[in-house]
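Have a look at the structure below, then the notes.
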Amino acid sequence: MEFFLVQTLNGISYGLLLFMLSSGLTLVFSLMGVLNFAHASFYMLGAYFAYQISIKIGFWPALVLAPALVGAIGMLIERWGLRQVHKHGHVAELLFTFGLAYLIEEAVHLVWGRSAVDYRIPPDLDGPLFTIFTSQYPTYRGFMMLVSIAMLVSIWLALTRTRIGLVIQAALTHPQTVEALGHNVPRVFMLVFGGGTALAGLAGVIGGNAFVTEPGMAASVGPIIFVIVVVGGMGSLAGAFIASLLIGCMQTFAVALDWNLVAGIKMSQVAPVLPYLLMVLLLIFRPTGLMGTREG
Amino acid sequence: MRYEPLNLGRWLIWGAMALVFLVAPLVFSGGFALTMLIQMGTMIIFALSYNMLLGQGGMLSFGHAVYSGLGAFLSVHALNLIGKGAFPFPVTLLPLIGGLSGMAFGILFGYVTTRRAGTTFALISLGIGEMVFACVLMFPGFFGGEAGVSTNRVVGQPFLGVTYGPAIQVYYLVAVWCFLSIIAMFALTQTPLGRMANAVRDTPERAEFVGYDTQKVRFIQLVLASFFAGVSGALSCINFEIVSAENVSAIRSGGVLIATYIGGVPFFLGPILGAIVFIFFVVALSGFTKAWLLYLGLFFVTMVLYAPGGIASLLLMQIPLIRARRLRELAVPYALAAGAGLIAMVGLIGIVEMVYRLSEQGASTVLNVFGMSFDARTTPPWIGFALVLAAGIVALRYASRLVGERWGAIQHDLLARQA
Amino acid sequence: MRGNFIRASALGIAAALISFGAWAQTIKVAYIDPLSGPFANVGEQGLAEFRFAVERINASGILGKEKLEVVPFDNKVSPQESLNQLKRVIDQNIRYITQGNSSAVAGALIEAVNRHNERNPGKEILYLNYAAVDPAFTNEKCSFWHFRFDANADMKMESLTTYMAGQKNIKKVYLLNQDYSFGQAVKKAAREMLARKRPDVQIVGDDLHPLGQVKDFAPYIAKIKQSGADSVITGNWGNDMSLLVKAGKEAGLSVDWYTYYAGGLGTPTAMGEAAAGKVKIIAEYHSNVANNKAAKWDADYRKQAPKGNPDFYFLRGKIMWEMFARAIAQAKSAEPKAVALALEGMKYQGDLGEVEMRKSDHQLIQPLYVLTLVKSAAKGGPKEAKIDMEGSGLAPVTDARMEGFTSAVPTSCQMKRP
């Protein structure tokens, strides 16, 4: 029972972190049609900025400043890079962000070196939150869940309840009309892209110290968040939320169970490969993903 | 801007290409130069096969190394069986085994990946690539684990004195396979299937409307492409005599994408140029500077931003001018642009090299670049190179505007004359 | 187009050849390790230490007028790229190579060197391996042209389990390893050796996870906790190591970690205080070792070491260069074959006791240490924890010294000598 409870909490908190990572990507994709291949690189930048800020002025300012910085960089890249290639189509945009991922990684190597940096969990959030029977549950994991849920709620509110959110939604389907109404559509897109990267930056602030802040962190989470976006259904925020939780729990319980699969291979051995298998199966039986409506 | 080869020109091009293949190792005969040529040959096949997806079929794949890598793994096992005498088969035809096994995996994975097009296809191919990479490490019995599977290509009876021991013999093996693959892939673009692939890429709805199953067309195209990927995998297995997990890695898949794109996706000959430039960056340039990865990344992003047709488009743009004998009018603007580009590059290289030197542990901060010696910890070189870079960029903007104007004017003339 | 690119590179190589030709008096050793890309820091560390060692040896005059020189070649930790670099080494007439990172690369290099030496008699190349630990290289794949200066994975496990056998409080052990050849070898050796030395110890869990794919280790930690293990043996390295220890600390898991590579580059920093008192490492050297004759060397190295990474890590590298120089002096020749013959069977008084290059398999037999990472003296740890790792506040202290014979496992090598 204790084991089951702990594993469930682990699964949910990992799933929520995955959601934090994939929400920005999904948002940008659903609103602009751009698949940002460098999304995980912005996650990495968020972690490094947070590290730099937290050793200078502390973790709490970093929680606000680092995502803002990442978002600003995202906006600059949209303005001076992405907008240039927009005329060549979505494949060109995707390739641009693909090249960008290479460049960001090299830049991180140059600025912060090639090994891990000592980005720590702040003392206020260190230590156990509560104890389930004999197992401690860390405070920081609770904090991660809290931030993630707060993020989900505020994105939803911002998109459906604010003026700018409605303009963004309208700009997606009827750019000419929105333009005619006097809104600056390119600027809306710039804001959306900046917002998406800022969300990745926020995930970096939270994830960087929970895990390890090092130059390979972008490449290691990249593929999994793309899987989430596909499984959830391209561009569906709700789908991404369900897919994140599903994959988080699935991986956690696969590790926990010592089932023997074929030829002496244990379930726990294949745990990290399961999301990809899930993706393949889903595409065979439901090609649009869980909540997807559009064909890629 | 489509390139339409003349018939006579086509024969000339093929002849010249065969001649280049024949003569190249006589000009560059060093051991290292030869390995580079061999790798260029393998990469050309790989990049062309990738372009069957991206260029001809509009499928952006992030996992193409799966097919070449798995083809290489099966070839290496076949080669080991040949070595044990358990499987009488000429080494010369080993790429066929690689190709067929690449194709088999193409059928298996392609069935899933080609169900979708566009961005989703790209993501699924990435996922399949990750999955295959993880599995390769998980089953060391077949894939040799981290160390990979090694082999010896000198097996069986020498045929007409050919043992494939010396690198030059491997070169000619690669050259022949490369030449044949180029012809075969070019021929494929001329078939109804090749044309259908283009239609599915450009207007899938219309293609469907005329009665073609777009999914099937993508599937067949991917299966054929994975055959050639497998051929290149087998050739790299013969060249290196080792196949390991890196053969199926995301780095390889990303590499072939970059190579193909910088060469030029819209043109058949683009990937050939791209493969040559890419191998030059990875194999040769990395011997001179640690910043090769950054240069390659910058080059790629620059191409995406300013020359989406790749190197091939820049070259082929000149053809109508040459035909009209008006290239000379552009000589001055081109010279200006080249000069400006060189100046900008000097500034950029200077700054990049200084940054790398400062980030490198324990290295002296004194650099020798462009015949000058200076210390990266002092400010004057930074200001100097920054000024050079800025001047170069300003000049480049001016020169490229000039080139654009002149080129546009001539183009306008030519069109007017045609009409 | 094609011609220009190749010609440019050919010119570059020619220029390199000419500049090398001017130094006829130097014996060059090609250093083939990652110098760009994600693992460049590992390669740079070795290069900096080797350059320091070579400078010292040249100054000592043991080679008379001849000088050693390290020539770096970037292999990007790819086996195939390493073979490209080997071609370049051969083109430049360099006769010695040294490499350490990744057994995959080492395996490819051994095969390639064997083939080259067979096909080009009189132009042999000798391979000095300072860190690739796959046991096969000094067993079934052993070669006359390969010398290993690091204890292999089985030898380290032999010493580690001998130490563990003496720890009576160890009752339940959990094995967690990366799912690839090295991790699987660690798992197998640990099971076999523990069963032999401490049959009463229970192995309560045995997991393999894909290499570098796990982002969240919390589920593994919950599993270890449920199993009631008091010790975990793991061959994990890099992020798989640091994430594991951090996740353990977060969940309040109290076990001892028996590891190979937790002292590796960047890992102490990434683990941080989570590791203090919990993480044990098997290694041939650490900076706080007792009766350390290399202490001055270590201190001198630190003085001029790159700021980002001050640690002196490879004592075996120092020993390798010293033995290599002595072999050249003894053979009175820089011919690889003569040097190899002088090197095999050589006994050498190292800084921490005598070491021997075993003749039968070219494996260096050397004393090893079991050490624990603790808070450094500056942060309130014990006073022998003087020097910390990477400025992380974690410092190594000795638990036990394991003499060379404890790890000298027999070899199955049947060496073919030229």
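So, B:ARG357, is that one within 14 Å of chain C (Cβ to nearest Cβ) and assigned to a helix (DSSP H, G or I) or not?
The answer is yes for B:ARG357.
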Practice item. For B:PHE281, indicate whether it is within 10 Å of chain C (Cβ to nearest Cβ) and of a type in the set (Phe, Trp, Tyr). Key: yes
Exercise for review: Take C:SER242 and decide whether it is out of contact with any Cys (no Cβ under 9 Å at 6 or more places or on another chain) and assigned to a loop (DSSP other than H, G, I, E, B).
Suggested key: no
Practice item. Can you give me the number of residues within the range C:184-197 that are in contact with a helix residue (DSSP H, G or I) (Cβ under 7 Å, 6 or more places away or on another chain) and surrounded by 19 or more Cβ atoms within 10 Å (Cβ to Cβ)? Key: 6
Exercise for review: State the number of residues belonging to the range C:172-209 that are part of a helix (DSSP H, G or I), of a type in the set (Ser, Thr, Tyr) and modelled with pLDDT of 90 or more.
Suggested key: 0
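Going by what's in this entry, would B:ARG406 be described as among the basic types (Lys, Arg), over 21 Å from A:GLY99 (Cβ atoms) and in contact with a Ser or Thr (Cβ under 9 Å, 6 or more places away or on another chain)?
Numbers: among the basic types (Lys, Arg): yes; over 21 Å from A:GLY99 (Cβ atoms): yes; in contact with a Ser or Thr (Cβ under 9 Å, 6 or more places away or on another chain): no.
When the stated conditions are applied, B:ARG406 does not pass them.
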Check your understanding: Counting only residues that are within 30 Å of A:PHE49 (Cβ to Cβ) and either within 11 Å of another protein chain (Cβ to nearest Cβ) or charged (D, E, K, R) (or both), how many does the range A:219-246 have?
Key -> 15
Exercise for review: Determine, yes or no, whether B:VAL132 is touching a residue at least 60 places away in the same chain (Cβ under 8 Å) and within 14 Å of chain A (Cβ to nearest Cβ).
Suggested key: yes
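Is it fair to say A:ILE104 is modelled with pLDDT of 90 or more, within 14 Å of chain C (Cβ to nearest Cβ) and in a helix (DSSP H, G or I)? I'd like the intermediate steps shown before the answer.
On the way: modelled with pLDDT of 90 or more: yes; within 14 Å of chain C (Cβ to nearest Cβ): yes; in a helix (DSSP H, G or I): yes.
Answer is yes for this residue.
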Check your understanding: Right, B:ARG252: among the charged types (D, E, K, R), touching a residue at least 60 places away in the same chain (Cβ under 8 Å) and in a helix (DSSP H, G or I) or not?
Key -> yes
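Could you look through the range C:239-284, keep only residues that are among the basic types (Lys, Arg) and under 10 Å from C:LEU373 (Cβ atoms), and pick out the one that is nearest to the other protein chains (Cβ to nearest Cβ)? Lay out the reasoning, then the answer.
Just the residues of the range C:239-284 that are among the basic types (Lys, Arg), to begin with: C:246, C:249, C:278, C:280.
When the remaining residues are screened for being under 10 Å from C:LEU373 (Cβ atoms), the result is C:278, C:280.
Numbers: C:LYS278: 15, C:LYS280: 21 Å.
Looking at residues that are among the basic types (Lys, Arg) and under 10 Å from C:LEU373 (Cβ atoms), I get C:LYS278.
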Check your understanding: Quick one: which strands (runs of 3 or more DSSP E) sit completely within the range C:313-418 and have at least 3 residues that are under 21 Å from the mean Cα position of the chain (by Cα) and either of a type in the set (A, V, I, L, M) or surrounded by fewer than 20 Cβ atoms within 10 Å (Cβ to Cβ) (or both)?
Key -> C:347-350, C:353-358, C:368-375, C:394-402
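Would you check if there is a residue in the range C:294-302 being among the small types (Gly, Ala, Ser), in contact with a Phe, Trp or Tyr (Cβ under 9 Å, 6 or more places away or on another chain) and either in contact (Cβ under 8 Å) with a residue 40 or more places away in the chain or within 14 Å of chain A (Cβ to nearest Cβ) (or both)? Show your work before the answer.
Let us first name the residues in the range C:294-302 that are among the small types (Gly, Ala, Ser), namely C:294-295, C:299.
From what is left, the residues that are in contact with a Phe, Trp or Tyr (Cβ under 9 Å, 6 or more places away or on another chain) are C:294, C:299.
Retained after the next criterion (residues that are either in contact (Cβ under 8 Å) with a residue 40 or more places away in the chain or within 14 Å of chain A (Cβ to nearest Cβ) (or both)): C:294.
For the range C:294-302, residues among the small types (Gly, Ala, Ser), in contact with a Phe, Trp or Tyr (Cβ under 9 Å, 6 or more places away or on another chain) and either in contact (Cβ under 8 Å) with a residue 40 or more places away in the chain or within 14 Å of chain A (Cβ to nearest Cβ) (or both): present.
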Study note, to complete from the structure: Within the range C:184-238, of all residues that are touching a Lys or Arg at 6+ places or on another chain (Cβ under 6 Å) and more than 13 Å from chain A (Cβ to nearest Cβ), the one nearest to B:GLY141 (Cα to Cα) is C:GLN202
Check your understanding: Going by the structure shown, is B:ASN247 under 27 Å from C:GLN213 (Cβ atoms), out of contact with any His (no Cβ under 7 Å at 6 or more places or on another chain) and in a helix (DSSP H, G or I)?
Key -> yes
**Study point:** Complete set of residues in the range C:107-125 that are more than 14 Å from C:LYS87 (Cβ to Cβ) and among the aliphatic types (A, V, I, L, M)
**Key:** C:ILE110
Review point. Is there a residue in the range C:158-172 that is closer than 30 Å to C:ASP230 by Cα, without any contact (Cβ under 8 Å) to a residue 40 or more places away in the chain and buried (at least 23 other Cβ atoms within 10 Å of the Cβ)?
Key: yes
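Take the residues in the range C:139-161 that are of a type in the set (Gly, Ala, Ser) and assigned to a helix (DSSP H, G or I), then tell me which one is farthest from the other protein chains (Cβ to nearest Cβ).
Step one: list which residues in the range C:139-161 are of a type in the set (Gly, Ala, Ser), which gives C:143, C:151, C:153, C:159.
So of that shortlist, the ones also assigned to a helix (DSSP H, G or I) come out as C:153, C:159.
Details: C:ALA153: 12, C:SER159: 23 Å.
It comes out as C:SER159.
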Check your understanding: Condition test on B:SER226, is it touching a residue at least 12 places away in the same chain (Cβ under 8 Å) and within 14 Å of chain C (Cβ to nearest Cβ)?
Key -> no
**Study point:** Verdict on B:GLY165 being within 12 Å of chain C (Cβ to nearest Cβ), in a helix (DSSP H, G or I), free of Cβ contacts under 8 Å to residues at least 60 places away in the same chain and over 17 Å from B:GLN56 (Cα atoms)
**Key:** no
**Study point:** Where a residue in the range B:308-323 is within 14 Å of chain A (Cβ to nearest Cβ) and its partner, wherever it lies, is modelled with pLDDT of 90 or more and assigned to a helix (DSSP H, G or I), with Cβ under 6 Å and at least six apart
**Key:** B:GLY310/B:ILE262; B:GLY310/B:GLY263; B:GLY310/B:GLY270
Check your understanding: So, in the range A:58-90, of the ones that are buried (at least 21 other Cβ atoms within 10 Å of the Cβ) and either of a type in the set (Asp, Glu) or at the interface with chain B (Cβ under 9 Å from one of its Cβ atoms) (or both), which residue ends up farthest from the chain's Cα centre (by Cα)?
Key -> A:VAL85
Exercise for review: Evaluate the range B:298-306: report whether one residue or more is within 12 Å of chain C (Cβ to nearest Cβ) and either crowded, with 24+ Cβ neighbours inside 10 Å or assigned to a loop (DSSP other than H, G, I, E, B) (or both).
Suggested key: no
Check your understanding: Using beta carbons and a limit of 7 Å, which pairs, at least six apart or on different chains, have the first residue in the range A:55-78 and free of Cβ contacts under 8 Å to residues at least 24 places away in the same chain and the second one surrounded by 14 or more Cβ atoms within 10 Å (Cβ to Cβ)?
Key -> A:PRO61/A:ILE53; A:LEU65/A:ILE53
Revision key, fill the gap. The condition of being crowded, with 24+ Cβ neighbours inside 10 Å, within 14 Å of chain C (Cβ to nearest Cβ) and among the hydrophobic types (A, V, I, L, M, F, W, C) holds, among A:LEU21, A:LEU25, A:LEU5, only for A:LEU21
Review point. From the residues in the range C:209-228 that are in contact (Cβ under 8 Å) with a residue 24 or more places away in the chain and among the basic types (Lys, Arg), which one is surrounded by the fewest Cβ atoms within 10 Å (Cβ to Cβ)?
Key: C:LYS215
Study note, to complete from the structure: The correct count of residues that are among the polar types (S, T, N, Q) and not in a helix (DSSP H, G or I) in the range B:178-215 is 2
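The values are calculated or read from the model by the stated rules, or taken from the named source; none is laboratory data. None of these values were measured; they are calculated from a predicted model. Here the Cβ is made from the backbone with ideal geometry for all residues, glycine too, and neighbour counts use every protein chain on show.
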